[in-house]
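This report concerns only the one structure given below.
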There are 2 protein chains.
Amino acid sequence: MLQVCQTGRMATRTSRTQRRAEALSRERIIDAAVELLDSAGDGGLTFRALTERLATGPGAIYWHVANKGELLEAATDGVITAALAAKPAEPADSPQDQIRAIALGLFDAIDRHPWLAPQLATQFSRKPWGPVTPRIFESIGRKVRELGVPKENWFTATSGLVHYILGAAGQNAANAASVRRLRTEAERAEFVDAVSKAWEELDPEEYPFTRAVADQAREHDDREQFLAGIDLVLAGITAVQLR
Amino acid sequence: MLQVCQTGRMATRTSRTQRRAEALSRERIIDAAVELLDSAGDGGLTFRALTERLATGPGAIYWHVANKGELLEAATDGVITAALAAKPAEPADSPQDQIRAIALGLFDAIDRHPWLAPQLATQFSRKPWGPVTPRIFESIGRKVRELGVPKENWFTATSGLVHYILGAAGQNAANAASVRRLRTEAERAEFVDAVSKAWEELDPEEYPFTRAVADQAREHDDREQFLAGIDLVLAGITAVQLR
DNA sequence: ACCTGAACACCGTTCAAGT
DNA sequence: ACCTGAACACCGTTCAAGT
């Protein structure tokens with residue numbers, strides 16, 4: 001904690017006046033916010049921590065950014081935009097494969113930035129007119145159109161995919177990130193078992209299904225499982241189309 | 001704001017000592033928390049507001065509840081449990097219809113308590129070993145089993161449904177709740193158009209698909225659209241099964 | 001135009017003290 | 001065992017003042 005703050009301060013302090021005249025900008029602030037969120041988690045983004053890292057006062061930040069909500073929004077938007085801009089594997093791929101590629105890109109982004117999961121949920125439900133929702137919707141929707149889905153099903157098919165992707169990526173990736181953070185092999189194995197163990201210890205009368213499925217939850221590979229879900233929704237889109 | 005606090009205080013103040021000796025309990029605290037969240041939104045749950053409404057000090061609350069996180073968890077769990085306990089329409093219904101009924105129950109719960117949406121996302125991604133995740137998973141999973149899905153697909157099928165339900169319900173219901181809160185017919189119509197209008201005003205070069213779909217987003221009925229998505233995932237489950 | 005930093009109102013949580 | 005309420009550390013935000 002202390003270490004992080006000190007390094008940040010030293011890194012931006014080398015020469016005082018000159019470097020700062022051009023240093024502080026909306027972009028620099030957003031970058032620092034993302035770094036803070038990545039290293040210290042959801043509660044790590046603080047105006048105190050931000051001012052320390054950028055070697056300014058809160059007033060300076062408020063000159064470039066309206067408030068904390070806008071900052072969080074901009075951080076989310078930046079990371080998602082970068083994730084969506086990553087090149088698709090092959091332009092000649094089938095639309096299905098391109099959808100899988102976009103989905104995996106979002107999966108990995110949430111994996112690297114676990115704070116994205118609740119943030120995306122908030123923005124999707126509270127601010128669908130913000131920049132993030134249309135960006136994701138558009139990139140998936142284009143591929144849905146290429147799939148040959150009839151126009152009246154575009155909206156349903158696209159939001160089905162988007163909801164699944166964000167929901168599943170959020171759940172799986174946050175788990176994976178927690179696992180990765182653990183040091184020893186033993187710690188890691190312990191955590192991987194934790195969820196399915198907790199599920200196996202549920203009341204057999206109340207939770208027969210969840211218990212029966214607990215071993216599947218343990219053995220599955222996160223990415224593989226995620227893609228299986230994508231294929232499920234894709235199959236549904238095709239099936240509904242044929243009716 | 002002032003109004004809310006004062007009413008709350010007066011309501012719990014009628015007779016002072018006697019009523020309180022048995023009044024304060026974990027359950028009463030959780031109920032008060034839900035009321036606060038419902039009436040004042042996500043930021044409305046405060047230990048200050050809670051103490052005022054319950055006519056106690058913060059220490060008394062901390063005797064029954066570990067911290068704010070636990071309180072939020074308990075509030076979420078209570079509301080979700082109630083939503084899942086609602087009777088299914090007809091026991092003779094097909095598994096598909098029963099899944100639709102459960103899904104609509106969750107949809108309506110999120111509709112009545114919009115703060116559930118980000119809260120569920122957080123609990124699904126951060127605390128899948130908590131009580132809420134297995135509860136939802138179990139009730140959907142049982143019906144998936146009744147659908148005749150082979151065991152190796154149980155996990156994929158169930159999490160596909162659950163992710164879609166929570167994602168779509170969160171988005172649609174929060175919007176609907178905002179709409180309902182508006183007073184005049186004009187205000188309401190304005191809000192309903194707001195999202196699709198914002199989407200129609202997007203850059204035609206960057207957002208051709210989203211723009212093309214904006215009118216569908218405006219005209220759709222929320223519940224109908226939600227059920228169409230459920231059917232999409234159900235169709236996928238059936239289709240994958242047949243392969 | 002851009003930045004400083006003290007100050008404000010408010011938050012979750014603790015804890016010695018009471019009953 | 002259960003409750004009180006003052007106190008603590010910390011938060012987002014403002015604003016008069018500087019350059």
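In region A:24-48, how many are assigned to a helix (DSSP H, G or I) and within 15 Å of DNA strand C (Cβ to nearest atom)?
Going through region A:24-48 one residue at a time, the tally reaches 11.
Across region A:32-47, which residue is farthest from DNA strand D (Cβ to nearest atom) among those that are without any contact (Cβ under 8 Å) to a residue 24 or more places away in the chain and either aromatic (F, W, Y) or surrounded by fewer than 15 Cβ atoms within 10 Å (Cβ to Cβ) (or both)?
A:G43
Taking the condition within 14 Å of chain A (Cβ to nearest Cβ) and within 16 Å of DNA strand D (Cβ to nearest atom), does B:G69 pass?
Values: within 14 Å of chain A (Cβ to nearest Cβ): yes; within 16 Å of DNA strand D (Cβ to nearest atom): yes.
Spelling it out, B:G69 is indeed within 14 Å of chain A (Cβ to nearest Cβ) and within 16 Å of DNA strand D (Cβ to nearest atom).
Please verify whether B:G69 is under 30 Å from A:G43 (Cα atoms) and within 20 Å of the chain's Cα centre (by Cα), treating the condition exactly as stated.
Yes, satisfied.
If I ask for residues that are within 16 Å of DNA strand C (Cβ to nearest atom), closer than 29 Å to A:L166 by Cβ and not in a helix (DSSP H, G or I), which ones from region A:53-88 would you list?
Matches in region A:53-88: A:V65, A:A66, A:N67.
Checking A:L202 against (1) more than 9 Å from chain B (Cβ to nearest Cβ); (2) of a type in the set (A, V, I, L, M, F, W, C); (3) not in a helix (DSSP H, G or I): exactly one of these is not met. Which one?
(1) is the only condition that A:L202 fails.
Taking region A:138-156 only, how many residues are of a type in the set (G, A, S) and within 7 Å of another protein chain (Cβ to nearest Cβ)?
1
Do you know which of the residues in region A:210-229 that are closer than 15 Å to B:G160 by Cβ and at the interface with another protein chain (Cβ under 9 Å from one of its Cβ atoms) is farthest from the chain's Cα centre (by Cα)?
Here the answer is A:V213.
Is there a residue in region B:105-116 that is among the charged types (D, E, K, R), facing chain A (nearest Cβ under 8 Å) and assigned to a helix (DSSP H, G or I)? Lay out the reasoning, then the answer.
Of region B:105-116, the ones among the charged types (D, E, K, R) are B:108, B:111-112.
Those left that are additionally facing chain A (nearest Cβ under 8 Å): none.
No: zero hits.
Kindly provide the set of residues from region A:163-185 that are farther than 20 Å from A:L104 by Cβ and either modelled with pLDDT of 70 or more or not in a helix (DSSP H, G or I) (or both), ordered by number.
A:L182, A:R183, A:T184 - these are the residues of region A:163-185 that are farther than 20 Å from A:L104 by Cβ and either modelled with pLDDT of 70 or more or not in a helix (DSSP H, G or I) (or both).
Go through region A:120-137 residue by residue and tally those that are modelled with pLDDT of 90 or more and more than 9 Å from chain B (Cβ to nearest Cβ).
3
The values are calculated or read from the model by the stated rules, or taken from the named source; none is laboratory data. Everything quoted here is computed from the prediction, not taken from an experiment. Cβ coordinates were reconstructed from backbone atoms using ideal geometry, including for glycine residues, and neighbour counts include every protein chain displayed.
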